[in-house]
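Student: Have a look at this one before I ask anything.
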Amino acid sequence: MNLGSNVSAIVTGGASGLGAATAETLAASGVKVALFDLNEETGTAHAAQIGGVFCKCDVADEVSVDAALAIAREAHGQERILVNCAGIAIGEKTARRDRDSGDILSHSLDSFRRTININLVGTFTMIARSAAGMMQIDPVTEDGGRGVIVTTSSVAATDGQIGQVAYAASKGGVLAMTLPIARDLSRDGIRVVTIQPGLFETPMFKGVPDEVRQSLEASVPFPSRLGKPEEYASLVRHICENEMLNGAALRLDGAVRLAPK
């Protein structure tokens, strides 16, 4: 797909981290970008900075998703690009012994459900709604392409660490549904590709002690550092432009394989 002013995009989680970098990169390519996020202050400011529009959205809430889509489409028309970056990460073991009381505690089902609802169900809700809209517009490529959907899984989908059961399950679900969704939408010229980021410089690393950060960076074979959000964004742009990328999951991780902890 050729990027430019005749193309609109939606980026969930677009107020910060990978989503913010992606929104900026697409906007710099001339794409009209709508940022979906719950952080209204930061999202509005970033949207203004890149010439986009902010839509407050909770991806785990269908009503919120539909309302945000209506605003984005009113401003920019039907999106041809959807990038799913919204997500949360928690740390909790399947079962554990409390250090103070010695009691054995099981994983909170509320936190497990919340992680699944945001990371997996929220991603699927956005995909289903966006794909239904894309199916109603004319193709724009010589192969009949109508649009492209990029989802964000994680290396934790296959390398889940201790305490990452909820996160790994949610990201594993995103990974697993990539191919069947791509097959579902293939006749309508809508591509689906998933990125599995490794250790990236995102808000979740703010406040991490220097020694912990250095240890994490040393665990990445090459380059031995945290990934930069703009490197993720650059891959998103390439996916949008390369029509043969479909139904694939791409690790973007510097060859890292996560240790158990």
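Bear in mind these aren't lab numbers, they're just calculated from the coordinates by the rules spelled out. For clarity, every value in this text was computed on a predicted model and none was experimentally measured. Please note: Cβ atoms are built from the backbone with ideal geometry, for glycine as well, and neighbour counts cover all protein chains shown.
Student: Can you list residues from other chains, or at least 5 along the same chain, whose modelled amide H is less than 5 Å from the amide H of Cys57?
Tutor: Here the answer is Asp37, Leu38, since their amide H atoms fall under 5 Å of that of Cys57.
Student: Okay, moving on. With θ set to phi - 60° and the Karplus curve 6.51 cos²θ - 1.76 cosθ + 1.60, what are the ³J(HN,Hα) couplings of the stretch 157-169 in order, to the nearest whole Hz, using x for Gly and Pro?
Tutor: Working through the residues one at a time gives 4, 10, 10, x, 8, 4, x, 10, 4, 5, 5, 5, 4 Hz.
Student: Report the residue, chosen from Gly77, Gly227, Gly102, that carries the largest GNM mean-square fluctuation when the chain is represented by alpha-carbon nodes joined by springs under 10 Å.
Tutor: Of Gly77, Gly227, Gly102, the Gaussian network model singles out Gly102 as fluctuating most.
Student: Next up: Rg(Cα) of the stretch 1-137 divided by 2.2 N^0.38 Å?
Tutor: Cα Rg divided by the expected 2.2 N^0.38 Å: 1.24.
Student: Which cross-chain or sequence-distant (5 or more) residues have an amide H under 5 Å from the amide H of Val33, H modelled 1.01 Å from N in plane?
Tutor: Excluding prolines and chain starts, which carry no amide H, the hits are Ala9, Val53.
Student: Now for a different question. Just grab the label-to-label distance for Glu40 and Leu250, each label 7 Å out from Cα along the Cβ direction, in nm (one decimal).
Tutor: Taking the simple label geometry, Glu40 and Leu250 are separated by 3.6 nm.
Student: Let me ask something else about it. Rounded to the nearest 5, what % of the DSSP beta bridges within the stretch 67-184 are antiparallel ones?
Tutor: Roughly 40 percent of the beta bridges in the stretch 67-184 run antiparallel, per DSSP.
Student: On to the next question. With the radius of gyration and the Kirkwood radius both derived from the Cα set of the stretch 124-231, what is their ratio Rg to Rh?
Tutor: Expressed as Rg/Rh, it is 1.09.
Student: Okay, moving on. How do 185-191, 146-152 rank on mean C-beta neighbours within 10 Å, highest first?
Tutor: 146-152, 185-191
Student: Can you tell me what share of the DSSP beta bridges in the chain is antiparallel? A percent to the nearest 5 is fine.
Tutor: Antiparallel bridges: around 10 percent, rounded to the nearest 5.
Student: Return a whole-number percent for the relative contact order of the chain, with Cα pairs under 8 Å and 6 or more residues apart as the contact set.
Tutor: For the chain, the relative contact order is 20 percent.
Student: May I pose another question? Go through Lys93/Lys228; Lys32/Lys56; Lys56/Lys261; Lys171/Lys261 and tell me which ones have a Cα-Cα distance over 26 Å in this structure.
Tutor: Lys93/Lys228; Lys56/Lys261
Student: Report the FRET efficiency, 1/(1 + (r/R0)^6), for Arg97 and Arg73, where r is their Cβ-Cβ distance and R0 is 51 Å, rounded to 0.05.
Tutor: 0.50
Student: Which FRET efficiency value, to the nearest 0.05, is calculated for Arg114 and Ile162 with the Förster distance at 22 angstrom and r the Cβ-Cβ distance?
Tutor: 0.65
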